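**Student:** One structure, pasted below without further comment.
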Amino acid sequence: MKILLVNTYDRGGAANACLRLHEGLLQEAVDSKVLLRRKEKSILKTFEFQKTQSSKSKLQILKEKGLLFLRVMGILNKPKQSEEQQFLRHREPGLELYSFPNSNFDITSSPLYQEADIINLHWVANFLDYESFFSKNTKPVVWTLHDMNPFSGGEHYLERHLGLDDLGFGIPRTYTKKEKEISNKNILIKKNALKDVKNLYIVTLCHWMSNEVRKSDILKKRPISLIPNGINSEIFQPRHRNYSRAILNIPKDKKVILFVADSITNNRKGYAYLKQALNLLQDDDVVLCAVGSKKTALESAKNIIELGAIYDERLMSMVYSAADVFVIPSLMDNLPNTVLESLMCGTPVIGFPVGGITDMVIDGDNGLLTKTITSTALLDSIQMFLESMDTFNRERIRENALKKYDLKVQADAYIKLFKTILKE
């Protein structure tokens, strides 16, 4: 059984989830390979897509390079932006990524595609071309949904709010006429590309995504399997709390709230809610430990320890172990890797009752879910946790996470699905 996993990049949350599945399949002796549009990491059996230039003559290639040189030198004007580029340029700042259903890549031309028995698509924005791929494809396709883009008009999450008012409530988002027009156009392209496709199977990571798929016009009739992401439990495991704090220079006598995000300017990540909640907390005994890029300042919130971006997973397990609680204020989310990592390290989680977070966080057992999606509700949950933090059993949190999210659990579920498809 030869499985080809396809992802655009080998960095980012979805890429990490895809590569962890790849790792789990290899551990179970499955012939698994990963095809990437761009490869940056040295990971066993991962390959960058080789785009052929055979369709262009040497003269055409020289002409294109010459025109590029003249534009760089200012001799020629830059070409006008396409409609897609103009649309993306004028979107509201803070919104999640937007991707179109077309690309210049033909995944079916890859020798890795041709030798595979099953194609497992993951996060393939700006890599998968709907029309050409599904018209040429002859293999069974399993599509693991890491966000809503495969069945949306272009958005990766259909965000309902943008910004936060003074009372801590989200400001309802208004879609422009252009957004609706472009979205309808993209949905039509996807529906037409998939209308005659028979061998497409959907994997969702949580119940929320399963429900969203069933409501969509594009994928609602496809068979759905719910398989949560897996994680390496030997890497993400509880570490000694005081030792971890000493290594990370975190005070041993403080209550530590952990926040992890690549960007605090991304509206969906909800940092504005957490900042407002912490400003109202008024407790000098509490510090916020922040992991992520330092390009955007966090100084408006008090008592912050910025650790910057951390790419080493073992070091990240020490961060979770050093924290008393991990807070994820995402307004929409699928099955966040950060929550899996925290629970696997035995660290409780506080979050809004959205998306896959409600699958992972059992209120009062391994963390707390807020009553509403507001900064005041988040503050209430943080205060409730700080008053009762000793009642959360970190060993039991770890044990339950092992049963649900160990790499082998995920790999076995995929192997069972792949074998069923091949029998059919």
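The values are calculated or read from the model by the stated rules, or taken from the named source; none is laboratory data. Since the structure is predicted, the reported quantities are computational estimates derived from the model, not experimental observations. Cβ coordinates were reconstructed from backbone atoms using ideal geometry, including for glycine residues, and neighbour counts include every protein chain displayed. The accessibility values were calculated without ligands, DNA or RNA, using every heavy atom of the protein model including side chains. Shrake-Rupley method; radii C 1.70, N 1.55, O 1.52, S 1.80 Å.
**Student:** Where the second residue is of a type in the set (D, E) and the first is buried (at least 17 other Cβ atoms within 10 Å of the Cβ) and lies in the range 107-136, which pairs have Cβ atoms under 8 Å and are six or more apart or on separate chains?
**Tutor:** Sorted first by the residue in the range 107-136, then by its partner, the pairs are I107/D129; W123/D147; D129/D106; S132/D106; F133/D106.
**Student:** Under the condition of being modelled with pLDDT of 90 or more and touching a Ser or Thr at 6+ places or on another chain (Cβ under 8 Å), which residue from the range 156-168 is surrounded by the fewest Cβ atoms within 10 Å (Cβ to Cβ)?
**Tutor:** My answer is L158.
**Student:** Tell me, please, whether a residue that is among the charged types (D, E, K, R) and touching a residue at least 12 places away in the same chain (Cβ under 8 Å) can be found in the range 197-205.
**Tutor:** The answer is no, given that none of the residues of the range 197-205 is among the charged types (D, E, K, R) and touching a residue at least 12 places away in the same chain (Cβ under 8 Å).
**Student:** Continuing with this model, one more query. Please go through the range 22-42 and give me each residue that is among the hydrophobic types (A, V, I, L, M, F, W, C), closer than 22 Å to K419 by Cβ, in contact (Cβ under 8 Å) with a residue 12 or more places away in the chain and out of contact with any helix residue (DSSP H, G or I) (no Cβ under 6 Å at 6 or more places or on another chain), ordered by number.
**Tutor:** Listed by number, the residues that qualify are L26, V30.
**Student:** What is the number of the single condition among (1) open to solvent by 10 Å² or more (accessible area, probe 1.4 Å); (2) closer than 30 Å to T420 by Cα; (3) of a type outside the set (D, E) that L145 does not meet?
**Tutor:** If we test L145 against (1) open to solvent by 10 Å² or more (accessible area, probe 1.4 Å); (2) closer than 30 Å to T420 by Cα; (3) of a type outside the set (D, E), just (1) comes out false.
**Student:** Something else about it: Within the bounds of the range 90-97, is there any residue that is open to solvent by 30 Å² or more (accessible area, probe 1.4 Å), in a loop (DSSP other than H, G, I, E, B) and more than 25 Å from L274 (Cα to Cα)?
**Tutor:** Yes, the range 90-97 contains a residue that is open to solvent by 30 Å² or more (accessible area, probe 1.4 Å), in a loop (DSSP other than H, G, I, E, B) and more than 25 Å from L274 (Cα to Cα).
**Student:** Continuing with this model, one more query. Can you name the number of the only condition in (1) surrounded by 14 or more Cβ atoms within 10 Å (Cβ to Cβ); (2) within 30 Å of K275 (Cα to Cα); (3) of a type in the set (S, T, Y) that T174 fails?
**Tutor:** Failing condition for T174: (1).
**Student:** Taking the condition of being open to solvent by less than 10 Å² (accessible area, probe 1.4 Å) and in a helix (DSSP H, G or I), how many residues in the range 18-48 meet it?
**Tutor:** Result for the range 18-48: 5.
**Student:** Please list, ordered by residue number, the strands (runs of 3 or more DSSP E) wholly in the range 307-424 having 1 or more residues that are open to solvent by 10 Å² or more (accessible area, probe 1.4 Å) and of a type in the set (S, T, Y).
**Tutor:** none
**Student:** Give the number of residues within the range 98-129 that are farther than 24 Å from I224 by Cα and touching a strand residue (DSSP E or B) at 6+ places or on another chain (Cβ under 8 Å).
**Tutor:** Going through the range 98-129 one residue at a time, the tally reaches 4.
**Student:** Something else about it: Restricting to the range 349-376, what's the tally of residues that are over 25 Å from the mean Cα position of the chain (by Cα) and among the small types (G, A, S)?
**Tutor:** The total comes to 1.
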